[in-house]
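Student: Take this structure first; my questions come after.
What follows is calculated from the coordinates using simple rules that are stated; it is not laboratory data. Fair warning: this is a prediction, and the values are worked out from it, not measured in the lab. Reconstructed Cβ throughout: ideal geometry from the backbone, glycine too, with neighbour counts over all protein chains shown.
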Amino acid sequence: MDHPIKRDHSRFRQIVKGKVRENLKDYVSQGEIPIQKGKDTFKIPMPQIEIPRFKFGSGQQGTGQGSGKKGDPVEGEGQEQEGEGKGEKAGKDPGEHELEVEFSAEELAEILAEELSLPNIEPKGKKTLKSFVNKYTSVGNTGPDSLKHFKRTYKEALKRQIATGTYDKDNPLIVPIRSDFRYRASDVKVEFENSAVVIYMMDVSGSMGEEQKEIVRTESFWINLWLKRQYKNIEIRYIIHDAAAKEVDEETFFRTRESGGTLISSAFSLCCHLIEQEYNPQEWNIYPFHFSDGDNWSVEDTKLCLNLLDTKILPASNVFCYGQVESRYGSGQFFKDLQQHYQDKNDKVILSQIKDKSAILSSIKDFLGKGK
C-alpha cells in the first residue's frame with residue numbers, strides 16, 4: 001500500500017504537469033527554455049502558486065500559552081524595535097509566489113507529445129547500430145574486489161561454517177575465507193539501438209536578427225527533446241552560413257552575428273559532406289533542418305540547392321525540414337521555390353512558415369507530426 005505522502009506527491013506532480021501543459025503555448029511563445037539541471041533534468045518556473053494559509057473564524061480569538069497575565073502588552077507592542085533595519089511599507093496586494101518544478105526530459109517530451117498529438121517515430125530501413133553490452137547476470141568464484149557479491153559471499157561463509165560445525169548461534173560471527181568469495185560475472189549481449197543525427201543549418205546573414213535566432217533556438221530545443229526520446233543514441237551537428245558555410249558548436253550557432261550575402265547551397269554542400277563522411281544512411285536516421293528568412297543570392301544557387309536535395313540529401317534522410325522565419329528584410333522566396341518544386345510530390349520534404357514565437361509549436365507539429 002502506498003504511503004499517503006507518496007500519493008499526495010504524485011497527485012501534486014499531476015496537477016503541475018497539467019498546469020505546464022495548459023500554459024505550454026504561452027511558455028514557448030515567450031521564448032522560454034527550461035533550465036537544465038543535471039544530465040536529463042530540467043527546471044520550469046511555475047508562477048502564481050497559491051500558498052495555503054490559516055484564517056481565523058469570525059468572532060473568535062486564539063488562545064495563547066505562557067506566563068503573561070490578562071492586560072499585559074504583547075512583546076514589542078507599542079515599543080520601538082531594536083536594530084537599525086528599516087522595513088518597506090506594507091502593501092495591500094498579494095505577492096506572486098514562483099515555484100521551480102523539476103521535470104525529467106522524458107516527462108517534458110511526454111507533455112509536448114500530448115499537447116501536439118505527436119506520433120512515435122518509426123526508424124526507417126535498417127538504421128540500427130550494433131552494440132555490445134556487459135550485463136551482470138551470473139556469479140563466479142573469481143573477479144576483482146569491485147565486483148565482489150557481498151550477500152552471496154556471506155551465504156557461502158555461513159553454509160561452510162554450519163557444515164563444518166564452527167557456527168556458534170550464541171556468537172554468530174561470520175568470517176569469509178578466500179574460498180567463500182563470490183563475484184558478479186558478466187555476459188556479453190548484443191543489442192541493436194536506433195541512432196540518429198540531427199544537422200541544423202541556419203542562415204546568419206545580415207537579415208537574420210536576434211529575434212529570428214531566438215525562435216530557432218527555442219524550436220530546436222523542443223525538437224531535440226522529442227528526438228532524444230525516440231532514439232537511444234543521437235548526435236547533433238550545427239552549420240551556419242552566409243555566402244560560405246562552416247560547422248560550429250551550439251553556442252556559436254546561436255550567438256554568431258554575420259553580414260553579407262547568402263548562398264544556401266554552401267550549407268547544403270557541407271551537410272552532404274558530413275553525411276558522406278560520417279553517417280552511413282544504412283546505419284543512421286538522418287534529420288537535416290534548415291532555417292532561413294527565405295533570401296538566396298540567385299536563381300542559379302537555388303537550382304543547385306534543389307539538385308543537392310534531390311540527388312544526395314533526400315535519399316539519405318528520413319525527412320528534410322525547412323523552417324522559414326519571417327523577417328522584415330527577407331523576401332521568403334526560398335519557401336516558394338521549394339513549394340513549387342516539390343508540390344507534395346515528395347513527402348520527405350516538410351516546409352513550415354514561422355511568423356513569430358507564437359507559431360513555434362505549430363511549426364514543431366509540422367516537422368514531427370508525420371512520425372518519420
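Student: Take SER207, SER331, SER29 and order them by how many other Cβ atoms sit within 10 Å, fewest up front.
Tutor: Ascending Cβ contact count within 10 Å gives the list SER331, SER29, SER207.
Student: Rounded, prolate or oblate: which one fits segment 195-368, using the alpha carbon gyration tensor with axes a ≥ b ≥ c (rounded when a/c is under 1.5, else prolate when a/b beats b/c, else oblate)?
Tutor: Details: a/c = 1.31, a/b = 1.16, b/c = 1.13.
Rounded, since a/c falls under 1.5.
Student: Rounded, prolate or oblate: which fits segment 207-285 when a ≥ b ≥ c are the square roots of the eigenvalues of the alpha-carbon gyration tensor, with rounded for a/c under 1.5 and prolate only if a/b beats b/c? Numbers along the way, then the final one.
Tutor: Numbers: a/c = 2.70, a/b = 1.28, b/c = 2.12.
Since a/c reaches 1.5 but b/c is at least a/b, the shape of segment 207-285 is classed as oblate.
Student: Treat the count of other C-beta atoms within 10 Å as a stand-in for reagent exposure and order TRP226, TRP284 from fewest to most. Spell out each step's value before the answer.
Tutor: Working: TRP226 21, TRP284 26.
Least crowded to most crowded, the residues run TRP226, TRP284.
Student: Multiply the residue gap between ASP356 and GLU326 by 0.36 nm, knock off their C-alpha separation, and tell me the result in nm, one decimal place.
Tutor: 10.1 nm
Student: What is segment 129-189 by shape, rounded, prolate or oblate, if you read a ≥ b ≥ c off the alpha carbon gyration tensor as root eigenvalues and call it rounded for a/c under 1.5, prolate for a/b larger than b/c, and oblate otherwise?
Tutor: prolate
Student: Let me ask something else about it. If you take the beta carbon distance between GLU214 and SER104 as r and set R0 to 30 Å, what does 1/(1 + (r/R0)^6) give as a FRET efficiency, to the nearest 0.05?
Tutor: Values: r = 25 Å, r/R0 = 0.84.
Working from the Cβ atoms, E equals 0.75.
Student: Grab the Cα-Cα distance for SER117 and ASP187, subtract it from 0.36 nm times how many residues apart they are, and report the gain in nm with one decimal.
Tutor: 21.2 nm
Student: Let me know the charge dipole size of segment 195-368 about its Cα centre in debye, to the nearest 20, where only the beta-carbon of Lys, Arg (+1) and Asp, Glu (-1) is charged.
Tutor: Numbers: 18 positive and 26 negative charges, 87 e Å.
About 420 debye.
Student: Find how much the distance from GLN30 to LEU306 grows on full extension, using 0.36 nm per residue of separation minus their present alpha carbon separation; answer in nm with one decimal.
Tutor: 95.9 nm
Student: Could I ask something else about it? Using the number of other C-beta atoms within 10 angstrom as an exposure proxy, rank SER362, SER317, SER195, SER298 with the fewest first. It would help to have the intermediate numbers written out before the result.
Tutor: Working: SER362 15, SER317 25, SER195 20, SER298 12.
Going from sparsest to densest Cβ surroundings: SER298, SER362, SER195, SER317.
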